[in-house]
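The next block holds one structure in the form of structure tokens; read it before the comments.
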Amino acid sequence: MGQCGITSSKTVLVFLNLIFWAAAGILCYVGAYVFITYDDYDHFFEDVYTLIPAVVIIAVGALLFLVGLIGCCATVRESYCGLTTFVIILLLVFVTEVAVVVLGYIYRAKVENEVNTSIKKVYDEYNGTNSNAQSRAIDYIQRQLQCCGIHNYSDWQYTHWYEESKNNSVPISCCKTNTGSCTGSLTRPEDLFQEGCEALVVKKLKEIMMYIIWTALTFAAIQLLGMLCTCVVLCRRSRDPAYELLITGATYA
């Protein structure tokens, strides 16, 4: 019965190590996705520490490649030292992913305040040229999220760009995609996106944080299962003399 339990745990461990390798790639992808997305929204989010969860999750992904290799070798060879090292590393990774979840919740709560503080400043610096970083960011956000202005398209009337242009229109990026003749004129508001960008930027950034949180939680649960299975193998191996004798005899044979 004990031998059956050890064999089952070893089988699960080998399978989990394969999952760890896949997880490593997924975690690195998630981290890279956050970095790329943050680059599109960084003008609306001044706190660079928000990238800490993404940095940590990439580091965890890289570490999982090593964890999977150690786990596979230790499980196949039934190395007590290797399995112990495997458990310790898994525990460290598990604690790190719990920290990622906590940091994700902390920064998710700060998103709204950060965007509220910075978004008006970004709109005030808009000048409509492609050489201006703020202009590129706003045009990208308005097209991508299908929004216009901070709360709605009328907010453009209070920007420096609107006052200087004096043409009673908003940027072309405010135009709905299915209206080819749209010039951004406020005399045809039906051609413009009706929703403001502030709420949508906040929603998008919170979605990114939740993406990180759920990814970290999922793989933390898998690692917890890996630690439990390893502990089963280690405990039964040390408490079962017959199994130890069998391994020793097999080794000498």
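Kindly provide the set of residues from segment 183-201 that are open to solvent by 20 Å² or more (accessible area, probe 1.4 Å) and over 17 Å from Trp161 (Cβ atoms), ordered by number.
Thr187, Arg188, Pro189, Glu190, Gln194, Glu195, Glu198, Ala199, Leu200
Go through segment 165-188 and count every residue that is modelled with pLDDT of 85 or more and assigned to a helix (DSSP H, G or I).
Residues that pass the stated criteria total 3.
Quick check on this structure: which one of Ile172, Ile150 is closer than 16 Å to Cys197 by Cβ, of a type outside the set (D, E, K, R) and open to solvent by less than 40 Å² (accessible area, probe 1.4 Å)?
Ile150
Considering segment 149-181 alone, what residues qualify as being within 19 Å of Leu200 (Cβ to Cβ) and in contact with a Gly (Cβ under 7 Å, 6 or more places away or on another chain)?
Selection gives Gly149, Ile150, His151, Asn152, Asp155, Trp156, Val170, Pro171, Ile172, Cys174, Cys175.
Has segment 127-134 got at least one residue that is open to solvent by 100 Å² or more (accessible area, probe 1.4 Å) and of a type in the set (Gly, Ala, Ser)?
Yes, segment 127-134 has at least one match.
Please go through segment 118-159 and give me each residue that is aliphatic (A, V, I, L, M) and in a helix (DSSP H, G or I), ordered by number.
Result: Ile119, Val122, Ala133, Ala137, Ile138, Ile141, Leu145.
Looking at segment 104-120 only, could you name the residues that are open to solvent by 50 Å² or more (accessible area, probe 1.4 Å) and either under 21 Å from Leu225 (Cα atoms) or not aromatic (Phe, Trp, Tyr) (or both)?
Residues satisfying the conditions are Ile106, Arg108, Ala109, Lys110, Glu112, Asn113, Asn116, Thr117, Lys120.
The values are calculated or read from the model by the stated rules, or taken from the named source; none is laboratory data. None of these values were measured; they are calculated from a predicted model. Every residue, glycine among them, receives a Cβ derived from its backbone with ideal geometry; neighbour counts consider all protein chains shown. Side chains are part of the model used for accessible areas, which takes the heavy atoms of the whole protein and leaves out ligands, DNA and RNA. Shrake-Rupley method; radii C 1.70, N 1.55, O 1.52, S 1.80 Å.
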